[in-house]
Structures are given as structure tokens and as C-alpha cells.
Number of protein chains: 2
Amino acid sequence: MTGVNIYDIDLGQTPANFTPLSPLSFIRRTAAVYPSHTSVIHGQRRFTWRETYARCLRLAQALRKVGVGKGDTVAVMASNTPEMYECAFGPAMLGAVVNTMNVRLDADIIAFALNHGEARVLITDTEFSPTIKDALTKIGRDILVIDIVDPEYSGPGETVGKMTYEAFLETGDETLEWELPTDEWDAISLNYTSGTTGDPKGVVYHHRGAYLNAISNIIGWNMTHHPVYLWTLPMFHCNGWCFPWTVAALAGTNVCLRRVNAANVFDAIDRHKVSHFCGAPIVLNFVINATDAERRPFSHQVNVMTAAAPPPASTLARMQQQGFNVTHVYGLTETYGPAVMCAWKDEWNSEPIEKQAYLKARQGVNYHVLEGLCIMDPETMMPVPADGETMGEVMFKGNIVMKGYLKNNKTTTESLAGGWFHSGDLGVLQPDGYIQLKDRSKDIIISGGENISSIEVESVLYKHPAVMAAAVVAKPDDKWGETPCAFIEAKDGSNVTAEDIIKFCRDNLASFKCPRHVVFCELPKTSTGKIQKFKLRELAREAN
Amino acid sequence: MTGVNIYDIDLGQTPANFTPLSPLSFIRRTAAVYPSHTSVIHGQRRFTWRETYARCLRLAQALRKVGVGKGDTVAVMASNTPEMYECAFGPAMLGAVVNTMNVRLDADIIAFALNHGEARVLITDTEFSPTIKDALTKIGRDILVIDIVDPEYSGPGETVGKMTYEAFLETGDETLEWELPTDEWDAISLNYTSGTTGDPKGVVYHHRGAYLNAISNIIGWNMTHHPVYLWTLPMFHCNGWCFPWTVAALAGTNVCLRRVNAANVFDAIDRHKVSHFCGAPIVLNFVINATDAERRPFSHQVNVMTAAAPPPASTLARMQQQGFNVTHVYGLTETYGPAVMCAWKDEWNSEPIEKQAYLKARQGVNYHVLEGLCIMDPETMMPVPADGETMGEVMFKGNIVMKGYLKNNKTTTESLAGGWFHSGDLGVLQPDGYIQLKDRSKDIIISGGENISSIEVESVLYKHPAVMAAAVVAKPDDKWGETPCAFIEAKDGSNVTAEDIIKFCRDNLASFKCPRHVVFCELPKTSTGKIQKFKLRELAREAN
């Protein structure tokens, strides 16, 4: 009863009882425990965990020899190949920071990112040499360029750098002594947001968050040892939602995939007994719309995690009917990828499949390692009532919120103001505590003073049997301010008309929410399957 | 190229992107996401997660009202009851530290712990009132005592405190506002080692380690959502190996058990579809030696985690034959319970069952969240070769090594010297990187200059069909220094003789390792099923 906290005396951190959290621990452990287990498959190429770990060590050592060290950026422009996978580990072993580039971006943005991130080295796949050659002329400085020459790739492209990745590895040494970061808050990766307007922002992740979200993927998704993980999701997207580290932790097998299409997905499921894959709803659309020739039967459980846009309930229902176990997650680049999941409840299994799909299309609840998830009025920072109707901004708090934006203190401070990350997404809180997205702030259509959720309209459009993909944006209107304009990718062979679509909407929506204009076209999409609404908004201005 | 680490600028911790790790996050999330799911079953008593969380909040608030706060100790003397489970959370919500007592200890040691830990409150089950009454007379100060009066308990005992636990909860308020610890290094629990010699040592755990080991149980054991966890393991043992927090994270159901015996275990498996339980090999012995009347058939997977003593291969083989999926783990109070596991490899499935049992009886590899596991020469701190023969001391490093021993800086410093926790256990490193325990240092028998592992001799004894339990200790010997002395608990109805046993050992062991003396008796055990070898050593001195 001394008034002193006895637990604060002589019980401090020592090297024996404190280790910084880092996903590097996972690959070290797996290489030691399961050295012969297959780590990576890419066409004819196969590696074991012993080999992948050794290649990561060589990569780290080679980078060190060219002067890369703590806090230096290593940029990577690559598909889902073994090399790309190794880049999730090698640079971090030196305390360097990996910056994976979105391969669909143009040379200007790539050049911007290379300079803003101060990349010391660029590792680039020959497939992307046209863009990279162009970008390199724009950066106005020398940079060491290493070429990935993938024997599984036979398309156009050329080497543009000093040496090949394999030759670079040869300069390294797999006996490298490396250490975990001294501080788990140290940066591990840099991810530029695609940025529909303005310069891209560089989102910085740290070792602690990468470790925790890699684990949260396991717990949230009920993953067990030795998953066979198919890379339908680009690894450049939020570091593959932290799955490179998740698969390492579980001693799983990474099945690489350069081209995501229905035939390749079914082939991998059949050939490698894929147990898990992730992707935007566009990947789900590939799967459910596969032709008989593309399909392969499978009898094992295939788990699919989807995010990036709220999946239409009809898509979820069809995936389930076809034997896929779909988990719906939600997150942003700023939250290490998935940070919210529609945690499934056993009692929902007895609901009709349409109702199940509706329930599953909601974004849901916080990941285990996300401490707080809230819908708030961004002005007052007060939570909205759990009424399913009152809109507010989705806010996140916890260890899987980014360190911040690189060299952009103003935006970092604004986005983390008030103890919460302000996502810019709008949603409601349902009475059962599950959040449901309504829109990006800028995607709300305000017509005659009424807010229209473009997502709500799109979810109706997706129910139409002829609709392959749909997006709704605001079209400026003299009378109403804005009206909804629908862009539709129809299924092959359909002859649906604009009138059919509008009639369908009127049968299923309040009339003020119905599109006044319908345009049939191929929807512009980002490489991650996100529909580029800013482009559609331009088109909508001109639509009649 | 400025030489500055750009990732260190303006990217610090904020309330939005940093949260201390604490297992309290798990119960908060589960109560919010799965409020109606059954949290705890104890005979006729049943609770949901909403209710258990509310009871923890009431407990915390009630404790606060009597002056308990950060760094204060709350002692608990209880069986595996709902109240005991709630004590894994309630005190921690205040920053207080729970000290669960081993209920088999005597009044002197309980009194010692109450005073050494400076407990402000003692929560005690009426079953243990004789010991507690005695202990309270010895501590020489007032302490608030709260009685657990369990309606499921009908044995002897009386209330000894100021009020009942239920009345105490009534003084609390479930709308308590609580916060995570400000520092994840803050203490969450205090566990006294049973201490065969000298005063017990108070092992202190922190929130970070509790969080991480709770998660590591999930990943290592392939646990998925909603396990049904049977409490065969005492919760007072290393905080139930962190499983109270694991079950909360997974929104599982805790099935309490006051008396561990074969009938109760099979009854729970049948009635509640138990999916997981843990225990010392003694629990496995209950199961494999159950009578037909005690057994219940089951068709679902029952996963069993065992530790505390290296399980005899024959026990493992019989468990497997009876349909239990056994995982062997190893750890100490100082490592939050399990920290090492015999990670199973698929290729071992094709081995004969005896070989499988041998492989599984090894302690194995580090838990995912344990950074380092090593067998070293404690003098030189050099790792032993991976030859399966060279003995060294098992050393641990990482976030699930304790904060230290309470008010015992000398022993803390010694045990964490050189960047590793020195376990005092002796073992070898096998060529495949799996460690195998050979003995506690003090359990090694040195006979004629040769080291004899008592575990090796015991594992032979367990293969004898008449042996229920066996332990081997050193008996002082004028000629040899020491010789092995075997204590054997024979199976009911067997009429095995000492000569039979010695003959059996000679057929299976080098002769210098064979026991010279065999004593048939009931083996003295701790409450956790550990055989008390120090008592046997005393008996061995007198054996003829």
C-alpha cells in the first residue's frame, strides 16, 4: 500500500522480452520450420520457402551493396510474379521501404512517384518498359534500374536497366545477417493512392501495422496453415492487402498470376487446389460469367475475399450458388487494405439467398486489429444513430491506420484530425452495428435537394439480367441541379435498351432516384477494377 | 538523396493511428459483434457475450468504487467458473492486475503471495474457504474479501468475506467508461510459480504479451470462429495459457468445469460439442483410460493441446487412435504458457503411428509470436549444434517473455541475462530444427559420470502396459553418485512387479540408465498435473 505502482519498478524492456513487431519474423520462421514446403508457383517456376527466403536475403544484400539502407525507397513496377513477392521482404530486411507501383499508371504519374518517394532503385518488369522508359526520361536524375525478365512472360517489352533481377540477386549473398527494425513504427512500404484529382498521395505503412493486419487477415478469414493463395489481387494494391505477409506466416503457397481472367482462375483452382483468392467485384464478375469452356469443376472449399467497391447483392448470390465462399471486406489504402469485414453470423444461414446477399453486401464491423470504426458527423465528430438512415463519414482508429502521407504534413494532419482517420466515404450504421457504405462524398448525387446514393441505384441496375457492370454518376441539370446518369456494360448478345433500363429502375426505385440518362459503353476501370467515375462524370456532361 | 530519412518526418503516432495492444479489445469487439452468442456455460448457468461483457464492466466499476486503480492487485482464488473468467477482464479495465492463485497451495504460500503482491482485494470461491480463512489470519492486514458462491457447487465451504460476488457486481455499473492501458507494457496479470524450493516468484505479464499470445494460440492451433472451449486447464495456470482472451477474440463459448475427470470431459464433448481443450498429460490419461460407462461417442473433431510435461509417445498414440487431434506445446509461466509447439508436417501423416507419436512428443519450434527459441550453452551463450545429442539450456526471446519477476530484480536480471530468458530446462536441437526437452537441470541424474535423462527412462516406462503413470528421480548412491529410482502408479488390477519393470527397462534402455529401484505408489502431483519430483526425491533417499 505504498502508493507506488509496484509493476513499474525494475520491469522494463530488455532484448529478451521485447521484439519489434515485423512481418519479417513470419518468413524467417516459415523458412526455418517448413523449408521444403512450396512457397511460390508461377507457371513452370516453383520455389520452396528455403529458396524464397534465400532469394529475399540475396535481394537485401544486393541492395545493400549498391548503397540502399534504412529509410531508402525501392520502387517496383511488376506483375504478380515471384520477384514482386520477394520485394515484400528483401528491402525491409535493410530497413528500406518498398514502393510498389500501379502498373496501369502513366509515365507522368510514375515519374512523379519515383521522385516524390526519392526512389534509389527501380525494379521493373519488361512488360512495362514502354511506360518506364518514358518515365525515366522525365525524372531528371539517375536511378539504378533492375529488370525483371520473367521466363513466363512472352509479350512485348525490353530491358531498360543496368542488369536483370537474376543477375542482381547473384551479386547478393544469402548468408546476409539482418535484423528486425529497431522500432516497429519504422516504415515498411509506400503506396501511392491513385488520386482521381491532384497529385497522388504517398501512404506510408509501418512494420507494426503490416504485422498486425497480416494476422488479422488470418483470424478474420478463418485461415489455417498452408493455404494455397491465388494472386488475383495485384500485389501493388496496398501491398496485396498484406497477404504476402499473411501467406508467409501460414507457410502457404503463393500462386502467381500475370493475367486475371476466368480461364486462368479456374485453371489454378483445378491445378493447384487454390483455397483462397481476393479481388474487386470485377474478379467476381469474371468468375460468375465464365463460359463452360473456361470453367473447371472443383470439390474443395474456395474462399474469396472481395472489396474495393460494394459488391452487388446479385453478384454475391451467384458466387455462393456456384460454390464459392465469399467474404466481403472493406478498407482503403490508408488502412493497409481490408480493415472492416462483414462478419458472418450462423443464424443468417437460414435466410433466403437474396437476403443473405443483402446482408453480406454490407461492409460490416471492424477487423480484430482495428480498434475503432465509426460513422460520424465530420463537423461535430459525434457518432450517428444506429438507424440505418442517418449518413455520416466512415472513420477509422487503430494500429492499421497509416503512419501518414509522405511529405504531406498538412493532409496527414487533416486526415487524422480528432483522433480518427477520415475516410471520405459516406455510410450509415445499421441497428445491428454493421456499417453500410452509401457513397464516396463526391459520388453522392444531389437532385432537387435530395441526396441520391449512386450505390443504391447501381445495386438495382446489377439486378437486371442483361447488365454486366454499371456505374451511376451525377449529370449537371439546370432544373434539378444534378440527375443520375447510368453507364452500363451490357452482357454479350443482349439487346437491352435505355428504355428497358429506366423502366426496370422505376419498378425498383423511388422515381427521383431513377437515371434520366443511360449510356451503353465499356466502363473505364483502374487496374484494381475500380470504375473510374471521374471519367464518367466528364462523359455524363455530354450525354443526351 | 538528402541523407535524411524522409519516413521519420511528420509521421509520428497519433490517437488515430496508434492503439496499445490489449486483449480487452477482443471482448469489446465480440460483445459488439456477437452480443447474443453464448459466452460461458457452467452447468445450468449460461451467459451471452453481451452479458459477460456487462458483468466485467460491473466488476471493474465495483472495484473502482472500493478504490482499486492502476497497478493495484486483485487476487482470485477460484475454480474454472464464470466469475473466474470475468476476472481475466474486469480488473484490467481499470489498469489493475489480476493474480489468480493456485487453489491447491497451502495457506502459508497463499498468505505470502497476497502480501508479496500487495493484493487490495481477494475474490475467493467458498470451496477454498478453509485455506483462505487460515491465510487471512496470517497476512496481518485487512483486505477486502469477496465470496464467489457458485450455485453449481454443493460441496463444503462457507463465505468468509464482506459480500458475495453477485452483490459486489450489483454495486457496479455496466455503463462504465473504460480505456485501454496508456502503455501496452502495463501489467495485466501476476502469476506465482509453484516454486518447489524457496519463495514463489511473481511472474508479471503485460497487455502486449497477453494480446499476442492469445492471437498466437489461434494461428498456431488453426482455430476458427466460435470454438467451444472446455476448461480442463485451470485458469489460474498462466492465465489459462491466455485462452480466456483467445476465446473472447474468436467469440467462442467457454464451457466451465469444476472437476476434471473422464466422465465430465466426455459429457461436455457430447452435450456442448466441445471443439477444443487443453491440459497436462494427466488429462490425456483420464481420457484414454476412461471406462466404457464414462465414454460418449463423438463424431466431430476434438482438438486437444497438451503441455506441462513431455507427453509419453504411447499416450499421444492412444489419443490419436481414439479420435482426438493432439497438438503438443511447451512453455513456462514465464512465457505466458505455450510458446513452443510441435508444428505438424503433412508428410508425417504417412509414418507409423508410433513414429508419429515420437515426432509429436518433441517440443518443436517457436510460436508465431515468439521471436527466438534456442538451445544454448548457458556459460558461453553459444547455440548447440543441431545434432539431437548435445544438451543445452532452452532459451526464449520475444514479446511473450514475461516483464519480469515482481520485486525481485536480481532474479529478473539473471533470468533475462544476455538477451535471452533462461528457462532452466535442458534439451537438444534435432537436425530438423525441432527442440526436444531432456530434463529440468535438477532432474538430470548423474550416474557414474554419465548423464541420464529421467524423461528418457520415463518414456520407456510408459510403454509398459501396466504403467498408468511413472516418474524417475535420482537416488543418492555411494558407488555411482546417483542412480535412477522409478516411481510407478500401476493400472488398476495389474500385478506387475519391480522385477518386471526392471527387466522391461533392460530390454529397452542402455543398462546404466535402468532404474535400480522401483517403488509402486500414487504419484504426488501439483494441481496442474505436474508430478512433484522434489517429493519423490525425498522418498527416493529412503527407498530400498
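Dividing the summed helix terms, -39500 (n - 2.57) for each DSSP H run of n ≥ 4, by the number of residues in the protein assembly as shown produces a 222 nm estimate of -8000 deg cm²/dmol to the nearest 500. Report, ordered by chain and residue number, the lysines lying within cross-link reach of residue B:479, taken as a straight Cα distance under 30 Å and ignoring same-chain residues fewer than 8 apart. Filter leaves B:438, B:442, B:463, B:503, B:513, B:533, B:535.
Given R₀ = 60 Å, what would the calculated FRET efficiency be for residue A:348 paired with residue B:133, taking r from the Cβ atoms and rounding to 0.05?
Values: r = 52 Å, r/R0 = 0.86.
Computed FRET efficiency for residue A:348 and residue B:133 comes out at 0.70.
Would you mind putting B:339-350, B:74-85 in packing order, based on average other-beta-carbon counts within 10 Å, highest first?
Working: B:339-350: 17.2, B:74-85: 25.7.
Highest-to-lowest ranking by the protection proxy: B:74-85, B:339-350.
Shown here is the pair-distance distribution of segment A:444-542: with all Cα-Cα distances grouped in 5 Å bins from zero up to the longest one, the shares run 2, 14, 26, 26, 20, 9, 2, 0 percent. For chain A, averaging the sequence separation of C-alpha pairs within contact (under 8 Å, six or more residues apart) and dividing by the residue count gives a relative contact order of 10 percent. Only beta bridges with both residues in the protein assembly as shown are counted; by DSSP, about 55 percent of them are antiparallel. Listed from fewest to most Cβ neighbours within 10 Å, the set B:33, B:496, B:304 follows the order B:496, B:33, B:304.
For residue B:491, the aspartates and glutamates whose Cα falls under 13 Å of its own Cα, not counting residues fewer than eight places away in the same chain, are B:522. Among the cysteines of chain A, A:56, A:87, A:238, A:242, A:256, A:278, A:342, A:374, A:485, A:521 have no other cysteine beta carbon within less than 4.7 Å of their own. Each copy carries a label point for residue A:152 at 7 Å from Cα toward Cβ; from one copy, the others' points are 5.3 nm away, ordered from shortest. For residue B:407, the lysines whose Cα comes closer than 18 Å to its Cα, not counting residues fewer than 8 places off in the same chain, are B:70, B:201. So what does log10 I(q)/I(0) come out to for chain A at q = 0.07, 0.12 Å⁻¹, using the Debye formula with one equal point on every Cα and no solvent? With one equal scatterer per Cα and no solvent, log10 I(q)/I(0) is -0.41, -1.21.
Only Cα pairs under 8 Å and 6+ residues apart enter the sum, and on that basis the relative contact order of segment B:24-206 stands at 23 percent. Please state, as a whole number in µm²/s, the translational diffusion coefficient that the Stokes-Einstein equation yields for segment A:180-280 at 25 °C and 0.890 mPa s, with Rh defined as the Kirkwood radius across alpha carbon pairs. D = 165 µm²/s.
Let me know the Kirkwood hydrodynamic radius for the protein assembly as shown, please, with Cα pairs as the basis and the value in Å to one decimal. The partial results should precede the final answer.
Working: mean 1/r = 0.0320 Å⁻¹.
The answer is 31.3 Å.
Per residue of peptide B:334-346, the mean number of Cβ atoms on other chains within 10 Å of the residue Cβ is 2. Apply the a/c threshold of 1.5 to the C-alpha gyration tensor of segment A:39-179 and tell me whether it is rounded, prolate or oblate. Since a/c reaches 1.5 but b/c is at least a/b, the shape of segment A:39-179 is classed as oblate. With an a/c value of 1.5 or above and a/b not larger than b/c for the gyration tensor axes a ≥ b ≥ c computed over the alpha-carbon atoms, segment B:106-169 is described as oblate. Exposure proxy for B:276, A:517, B:206, B:300: other Cβ atoms within 10 Å of each Cβ, ordered fewest to most, give B:300, A:517, B:276, B:206.
When averaged across all projection directions, what area in nm² does the alpha-carbon convex hull of segment B:260-441 cover? Intermediate values should be presented prior to the final figure.
Working: hull surface 47.2 nm².
That works out to 11.8 nm².
By the beta-carbon count within 10 Å of each Cβ, the least crowded to most crowded order of B:403, A:273, fewest first, is A:273, B:403.
No lab work stands behind these numbers, since they all come straight from the coordinates. Since we're looking at a predicted model, the values are computed, not measured. Glycine gets a Cβ as well: all are built from the backbone with ideal geometry, and neighbour counts include every protein chain shown.
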